Structures are given as structure tokens and as C-alpha cells.
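Report on the structure given below.
The values are calculated or read from the model by the stated rules, or taken from the named source; none is laboratory data. This structure is a prediction, so every number in the text was calculated from the model and none was measured. Neighbour counts are summed over all protein chains in view; Cβ atoms, including those assigned to glycine, are modelled from backbone coordinates with ideal geometry.
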Amino acid sequence: MNYGYCNQALRINLSKNSIEKEALDPQFLKDYLGGRGLNVSRLYEEVPPEIDPLSEENKMFIGVGPLTGTLFPGAARVNFTAKSPQTNILGDSNTGGFLGSEIKFAGFDQIILEGKADQLSYIYIKDNQAEIRSAEHLSQLDTFETQRKLKEEIDDSRVQIAAIGPAAENGVKFSGIFCNMVRAAARTGMGLVLASKNIKAIVVRGTTDLGAKEPDKFKKMIDKMDKEIKNHSEYETRTRLGTTQLVSSLNELGCLATRHFQTGYFAEADQVSGEYLEENYKQKEKGCFACTIPCSRFFEIKEGKYKGLKSEGPEFEGLAGFSSRVGVTDIEDALHGVDLCNRYGLDVITTSECISFTMELYEKGILSSEEVDGLKPNFGNSEAVFELIEKIKNREGFGDVLADGVLTAAEKIGRDTKKLAMHVKGLEIFQADPRGIKGYGLGVAVATRGGDHLRSEPWFEFSEDAEAGKRRFGHPESAFRLEYKGKGRVVKFYEERCVLADCLEACKNTVVNMEIISFQEAAELLNALTEYDFTAEEIQKSAERIMNVERAYIVREGIRREDDSLPERFLKEPLPDECGESAGSVVELEPMLDEYYKARNWEVATGIPTEEKLRELGLEKIIVDLKERNII
Amino acid sequence: MYDLKIVVEKIEGFCDLPMEVGDYFTVSGGKIEIPEGKHMCLWAMQSLMPVLPAKQREINEENDWIPHTKRFICPDPNGGVVFRIDRIDPKTGKSVKEEVEIPPRIQVNAEACTGCRACETVCAFVHKQTFNAEKSRIKVEKNEIKGEDTPFVCRQCGDAPCIKACPVNALSRDFETNAILVDKDKCIGCYKCAKACPFDAISFSENDVALICDLCEGDIECVKRCPTDALKFDNKGGKE
């Protein structure tokens, strides 16, 4: 019986056609906890900076955590990690659903893919075994069809599948990996890494046992957490609307990404909101593996031109991405846009950025209609949105310009358009305007995988609890979204909470936003579950260690303080008057950065981790490596 | 043979006849009597009629539904007039104390099921200390394209066909909890119970022993863990 950990990784070399099992050292598991931690540690060690992310030398690490597959509510997640072909730095993306738990029941904490298969293939993993099978018959199939066909082929309704779509096969840099139809690990181009290895899908089935060292104690703790979750003030909204609640709530705050961040207020938000979706299209609530907060939804459009469109989702990022960000006012158009991205295997955030970027350039007269293949991509033109999605997927016409992401598109277009590309380190930012949520702004600027909110989620800045702000982060202002003082410490704290969530492979809804488990409770849980002993301090330190390994990894790839920035608009252009309390606001990034690096004990001038900090975290090997490369 | 008194117990909708709460008629042998000056709804009577001779008779069959069932509803869906059939002892003229309450059962509402499989996980864990759903006595089938999630679990049928189908008497009923019990030493893994089950609720463990819900000795873990009440344990009619 495995207890929390399977103590085993699966290493598949696709070039050599070799499949090996590797025992995992208990110290490695303790130091890096699981999922994201295991993956980034190996990425640092095994993937040197010189390599091309689309070459055989790149590796993909697929990691699950100690809580994955257990009764812990929402511990359903799995991380995909590699050098990103989109950003050339840390590539890492995480999804829920049912794949993570299945990997665990198949007997593995981690799967490592190396090399490249000589033909399009899929990997079939079942109970401690794996084989590589041909996937030529699945070539160019969309993610839904791929999943459906594989299920049929294997004739087992309980297999779990991670698949890529045609976008990845065609070389789109922001293509993702899709599970349970629409569950997407779509950030940083992990789908393209799989495609570069000639892997169309990974199919997993697990029936091995996974238990808890102290079952009664573990069960009692889970029951207590279930109660806390059900009694939580956010429980009801989260089960009804999930993340889609953010369309109307961010709009009220005046910081909903609208028409490519030209404003934070979308007048038609009520027609594209989570509430509108619930009232008119929602069929039922859906949940990830063993989760007590069914925050996902299944919807169906029953009449009109999209009659018959039904799917799980969307999440906030897709819904706002294909409504407010591109100025589309009909929710059905937005749902269709998200559905296309899911089927083709595209990241909704990056896709919506590329399209809304095109729209702003077109409306400003920087791009002509001829340059965009005769389209007239005004904001709100949903047909142009769909055309551009098709073109991106096929890398044809103007789609080829966009298919490497917004930064490359701006470089290709030139004409000083780079300052309008809404990205950090080559990764496009989400559907909220950092000017109205400054802690998030800092989090996005320093995120180790580029412009992304899920590395920190500094939820505390909505609390408006000045006393807690002073007590926890040294500044009463830290509890207010429009203030910048104290945010460096807030972001550090929440980054480590996010690491904890991504290593336990539990959902950030519970671990980060609802703050259901503390480091102390995490230690108690792991002690009841696993064969190892953890203390709260050790876990917190591991979280900090993982943050530092990630930072060291991107520093080794050339990232410095000047890359921890935000698009110029957020630093210089105040939010317009219609944005309510957020009106007039810009992000005071530099003082927040100073405070953040100090809180991290990184060099303030460069953002490079200090030797002292790395040593404190036991990262001697990284010190040696960075010294050899004359970085420290 | 009992006499019967059929009383309007409550009106959930609207009856424009009107029937009123407390209105009744009696049945004695082959004779129907309506109190003087009162009336009775034709449609309600015609729907009640077939069951009256059955309710008059003593039935000794343990799991027969007739003795348990005493409420019938007017066939007009807008009416919602509920009639209660009381059995009367012809010797004393008093109503007979009602025999048996309908036992509670696991009720499944697939439309509310989120497909999270927490029920499977907790079932396997409390019974076998593993999170491995293969050992669960409840299974959720998912159709992700259609968004359908269907839990399969024992409903504690009154006239349990699984017990009848077992060729080696490995199945029995726990009369305290009403659960179907499996004698794992007797079970030969012939799958006849699974084939007989009208709810497809029986699966098999790795060593071919039938896995059937045992109701956790009354403290039913899957029901407790279900976040949307897709699983319930009670004696009211649930939606399937």
C-alpha cells in the first residue's frame, strides 16, 4: 500500500523507446513536497539553459502531489512542467479534473518524458506499466474527438486522458494540454512541448491501492475541513458561479479587462456575467475529483445559431477573454469562442490577448484590414474573433503572426506596438486590470512563469482589514487593493501558499483563496497520510525553497529585475473615470518590487537570489551552478 | 378483511370541486358510503378504486408494498389533493395502528450529481482503508460529452432480486439497517446477483466477491460526503 506518496517516478525516453521506473528519494519528496516542486527541481537539474525548448533535449515533467487521489477536497490537480517554447523560461501549467488522481492510482508521483517519438504516438499507462502506441490515426483530431476516440479504443470508461489538439500539432506556441474535455493546462505552451515530442495524448488508468498511514486521524481531519468549507462565507457563491463570479465583481470594482485594457469597466457585463450564464444556460454543477466545492458548471445552449453547444465550463478567464476583453456583448458568442479554443487546444488567455491586441491596433489604424487578411477586427466583431481563432489554429495568414504569442506578434509588426502587448516575460496577462488590484499587479510582474496571476493570488488585498494588514504584513495599507505599501510581503506570503497548493496538488480555491489549511494543518495532514514526518516550518521552508529554485531557473535563463515589469499602460495610463473607485489609478511597481526583493532576501538591484538565501534553503548545488555561470 | 376510511389529508394544489381537508368516505365489504350532504370527487375515486380491495385484505408477504402505502393523490396534477386510506377494525370500528413505516433507502438524483466521485473514494476508504475506487460499493459513470453523471448504488429493494438470484445463499438482508449483506466466504463470484440487479448497483472486487452497499451500519459516508444531495437516505420519493 502506498501512503500519500507512491515513491516512484516513471521515466520514458521516447527516442530510445525506453520505459523505466525510478525510486524517489524520501529527502527529495520532503524537500520538494510534490507536483510543481518535484517538477521544477528536476527541470533545473536536467534541462540546461542552452537547449531549444522544441528540441529533443527538452523534457516534460508531469507531477502529482501527496494529497492527490485522497479525500482531501479538490486535491485533483497535476502539473506539467518543461522549458517553455512560448517564453523560453519556466513552462509550467496545472489542471484539475481526474487525471492527477488516476496517475496516483497507477502508482506514480511523477512522469518524465524525454526525447522524441519517431511517429505521432500516445502513451498508455496502467498500474505500474506503460507502453507507447501509435497515434497516427488521431492526427489533427480536436481535443474532444481525441479523448472520445481513445476512450472508445481502450474500451474503459474510467481511463483518464491528457490530449493536445490541432493547434499544438500545427506549432501554435500557446497550445495546451486538455483533460476531461475542457480541463486545460494551457499556459506556457505545454501542449506544444508534447507535440514536439510527437505525443498526441497520455492515457492513464490506475487501480492500485493508496491509503493513509493513520486512516482514522486522516479521515477526522478531512471531515473537519469539509465542515469548514461548507460553512465558509464564500461557499455558496463558489458552488453557484465558480470563478465566473469575477465578471460582475471585477466590473463593479472597475478593473475588468475591457477592450484590451483600454478601460476596466464593461457596460454590457451583465449580459456576459456568471450570473447571466447561471440563469440562462447552466444545467448542473460539476466538480473535480473528490471535491466538496462543485465550482464548475455544465451549460447548454438550447436554441438559436449555437443550438446544441454544450460543455463544462467556462471559467472566468475564458468567459471574460471572449467577451469584455474583445468587446463582445453576446454571451453565446463568448461561449462559442471558448469552445473553439478548447477543441483546438488553445490557451484562452493568450488567444484572447492576441485577438484584442489586433483589435486595438486595427482601431487605432496601426494595422490595416489588408494586413489582417481583409478582416475588420473592430472590438465586438465576434465573426472576426472566430476567424482569427481559426487562422491561429492553422497558422495561416495573420494567424501565423499571432501564433507565437503577443510579444512575437508585436516584434513582427513593429511600429512601436510592443508597448501595447499585454504580457510579462512573454506570457500574456489575465482578465483583470492590475491598476485596480495592485498586489496582483506585483504578483503578475514577478511570477516565475511570466505574466500570470496563479503564482500568487494575493487575495488578502480585498479584505480591507487594516488591523490584519498591520499585524500580518507590517502595513495597514496591505489590506486594500488600491494601495501599494506592504504588497511585497503579501505577494511573498501568497506565492508560498500557491506553491503549497501546487505541490500538495490541491485547488487554490481552498488552499489560497479560502485559506482552508495553514502550514501547520498541512504538516498534520501529511503526517497522518504519509510515512514521513513534516513540521510546519519544514513545509514553509520547502515552499520558499521551490520559489527560489524557480527564480534561480529563470535567472539562469537571463531574467533580471528589469524583466519583472508590467506593460507600460498599467504603469503610466490611469484607469478612466468610468472605473469607479479604481479610476485614476496606476500601478506603483518599483516601490513594490523593492519591498518584494527585500522580503525574499534577493538582490534588490537585480532580483537575483542572494547566496545567503540559497544557502539557508540548502540549495548549494544551485550556488555552484550560478557561480560557474558568473551569475552570482 | 378490514373496513376502510379514506380521508382528504391535505390539499397541496387547488381543488375547485371543492374537496376539503377532512372530507371522507368509507368502504365496508362491497359498499361505499359518503356522509349525508357531502360529496366525493369522481376522478379521485376512480384512481383510488383499484387499490381499495387490496387494502381491505391482510397481506403477509414481508416486502409487499400494499401494507406500507397509504397515501394516494388526485390524478389532476394541479389539484394535489392527498387521500389517506386508514384501515378500520370492523369489530371495534377504530382505525388499526399502522403496520410498518416505509424503510428509508438510498435515493439517487443523477441530475444533481457533480460527478466528483467523492462517494466512491470515501466508500473505499471507510471499508478498505484505500482511496482506490475499485473497492467502492458505489460507482459513478460519467459521460463528459453530454455532462451526465450517474451514481450506481444499492437501493435496498424490498423484494431484493439479488438475494433471490444468488445460487449459494451468500446474500441476506440485515433487518436492522435493511442493507443487503454479502457473506464473502460463500460468494462464488458468479455475477448472477449483478445481472439480476435492476439498478446495475453490484460490482465485484479483485477477488470476485460482490460489492454491495452495506449502509455503513447506518452512518452512511457517501451520503454525508455528497456535496449536492445527489445521494440521500430517506423514505420520501426521490427523483431518479
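Counting the residues of segment A:135-173 that are surrounded by 16 or more Cβ atoms within 10 Å (Cβ to Cβ) and in a loop (DSSP other than H, G, I, E, B) gives 11. Taking residues in segment A:262-274 that are closer than 10 Å to A:SER324 by Cβ and not assigned by TED's automatic domain parsing to the domain that holds A:GLU573, and partners anywhere that are of a type in the set (D, E, K, R) and part of a loop (DSSP other than H, G, I, E, B), the pairs with Cβ atoms closer than 6 Å and at least 6 places apart or on different chains are A:GLY264/A:ASP433. A:ARG148 passes every criterion in (1) under 24 Å from A:ASP404 (Cα atoms); (2) within 10 Å of chain B (Cβ to nearest Cβ) apart from (1). All conditions in (1) touching a His at 6+ places or on another chain (Cβ under 7 Å); (2) away from chain B (no Cβ under 14 Å) hold for A:TYR265, with the sole exception of (1). Would you check which residues across segment A:283-304 are more than 7 Å from chain B (Cβ to nearest Cβ), over 29 Å from A:ASP223 (Cβ atoms) and not aromatic (Phe, Trp, Tyr) and list them? Within segment A:283-304, A:GLU300, A:ILE301, A:LYS302, A:GLU303, A:GLY304 qualify.
Is it fair to say B:GLY79 is surrounded by 14 or more Cβ atoms within 10 Å (Cβ to Cβ), touching a residue at least 40 places away in the same chain (Cβ under 8 Å), assigned to a loop (DSSP other than H, G, I, E, B) and small (Gly, Ala, Ser)? Yes: the conditions hold for B:GLY79. Of the strands (runs of 3 or more DSSP E) lying entirely inside segment A:199-300, those carrying at least 3 residues that are within 22 Å of the chain's Cα centre (by Cα) and modelled with pLDDT of 95 or more are A:199-205, A:296-300. Among the numbered conditions (1) more than 8 Å from every other protein chain (Cβ to nearest Cβ); (2) surrounded by fewer than 19 Cβ atoms within 10 Å (Cβ to Cβ), the only one that B:ILE145 does not meet is (1).
Of all residues in segment A:177-191, those that are within 14 Å of another protein chain (Cβ to nearest Cβ) and more than 13 Å from A:SER84 (Cα to Cα) have Cβ atoms under 9 Å from Cβ atoms of residues that are surrounded by fewer than 24 Cβ atoms within 10 Å (Cβ to Cβ) and hydroxyl-bearing (Ser, Thr, Tyr), 6 or more apart or on another chain, in A:MET181/A:SER311; A:VAL182/A:SER311.
Yes/no per residue for (1) out of contact with any helix residue (DSSP H, G or I) (no Cβ under 7 Å at 6 or more places or on another chain); (2) assigned by TED's automatic domain parsing to the domain that holds B:ALA118; (3) free of Cβ contacts under 8 Å to residues at least 40 places away in the same chain; (4) surrounded by 17 or more Cβ atoms within 10 Å (Cβ to Cβ):
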site	(1), (2), (3), (4)
B:CYS166	no, yes, yes, yes
B:LEU181	yes, yes, yes, no
B:ALA194	yes, yes, yes, yes
B:ASP208	yes, yes, yes, no
B:GLU217	yes, yes, no, no
B:CYS226	no, yes, no, yes
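Does A:PHE61 fit the bill of being under 30 Å from A:MET514 (Cβ atoms) and free of Cβ contacts under 8 Å to residues at least 60 places away in the same chain? Criteria met by A:PHE61. Looking only at residues that are within 30 Å of A:MET1 (Cα to Cα) and of a type in the set (A, V, I, L, M) in segment B:95-154, which one is nearest to the chain's Cα centre (by Cα)? Applying the filter and picking the extreme gives B:VAL153. Scanning segment A:86-105 for residues that are outside any helix (DSSP H, G or I) and within 11 Å of chain B (Cβ to nearest Cβ) yields a count of 3. Filtering segment B:182-196 to residues that are part of a loop (DSSP other than H, G, I, E, B) and of a type outside the set (Asp, Glu) leaves B:LYS184, B:LYS186, B:CYS187, B:ILE188, B:GLY189, B:CYS190, B:TYR191. For segment B:106-120, a tally of residues being facing another protein chain (nearest Cβ under 7 Å), touching a residue at least 40 places away in the same chain (Cβ under 8 Å) and under 21 Å from B:SER205 (Cα atoms) returns 1.
When B:LYS38 is tested against (1) within 22 Å of the chain's Cα centre (by Cα); (2) not in a strand (DSSP E or B), exactly one condition is not met: (1). Residues in segment B:128-143 that are free of Cβ contacts under 8 Å to residues at least 12 places away in the same chain and assigned to a strand (DSSP E or B) were compared, and the one that is farthest from A:ASP226 (Cα to Cα) is B:ASN143. Scanning segment B:85-127 for residues that are within 30 Å of B:ASN143 (Cα to Cα) and assigned to a loop (DSSP other than H, G, I, E, B) yields B:PRO104, B:ASN109, B:CYS113, B:THR114, B:GLY115, B:CYS116, B:ARG117.
Look at B:LYS146 and say whether it is assigned to a loop (DSSP other than H, G, I, E, B), in the same structural domain as B:SER203 (by TED's automatic domain parsing) and farther than 18 Å from B:ARG225 by Cβ. Considered against the rule, which asks whether it is assigned to a loop (DSSP other than H, G, I, E, B), in the same structural domain as B:SER203 (by TED's automatic domain parsing) and farther than 18 Å from B:ARG225 by Cβ, B:LYS146 comes out as yes. For segment A:313-331, the count of residues that are within 26 Å of the chain's Cα centre (by Cα), among the polar types (S, T, N, Q), more than 16 Å from A:ILE389 (Cα to Cα) and within 14 Å of another protein chain (Cβ to nearest Cβ) is zero. Of all the residues in segment A:193-221, those that are buried (at least 24 other Cβ atoms within 10 Å of the Cβ) and either more than 22 Å from A:LEU10 (Cβ to Cβ) or facing chain B (nearest Cβ under 10 Å) (or both) number 4. Within this structure, A:GLN245 fails the test of being within 14 Å of chain B (Cβ to nearest Cβ), in contact with a Phe, Trp or Tyr (Cβ under 8 Å, 6 or more places away or on another chain), in contact (Cβ under 8 Å) with a residue 24 or more places away in the chain and of a type in the set (S, T, N, Q).
In segment A:526-553, the qualifying residues are those that are more than 25 Å from the chain's Cα centre (by Cα) and in a helix (DSSP H, G or I), and the one that is surrounded by the most Cβ atoms within 10 Å (Cβ to Cβ) is A:LEU529. Here B:GLU176 fulfils each of the conditions (1) outside any strand (DSSP E or B); (2) closer than 30 Å to A:GLU236 by Cα; (3) under 19 Å from the mean Cα position of the chain (by Cα) apart from (2).
Take A:SER121 and tell me if it is surrounded by 21 or more Cβ atoms within 10 Å (Cβ to Cβ), out of contact with any helix residue (DSSP H, G or I) (no Cβ under 8 Å at 6 or more places or on another chain) and within 20 Å of A:ASN342 (Cα to Cα). For A:SER121, the condition - surrounded by 21 or more Cβ atoms within 10 Å (Cβ to Cβ), out of contact with any helix residue (DSSP H, G or I) (no Cβ under 8 Å at 6 or more places or on another chain) and within 20 Å of A:ASN342 (Cα to Cα) - is not met. In this structure, is A:ILE132 in contact (Cβ under 8 Å) with a residue 12 or more places away in the chain, more than 18 Å from A:CYS291 (Cα to Cα), more than 14 Å from chain B (Cβ to nearest Cβ) and surrounded by 23 or more Cβ atoms within 10 Å (Cβ to Cβ)? No, not satisfied. Going through (1) modelled with pLDDT of 90 or more; (2) farther than 17 Å from B:VAL8 by Cα; (3) surrounded by 10 or more Cβ atoms within 10 Å (Cβ to Cβ) one by one, B:GLY30 falls short only on (3).
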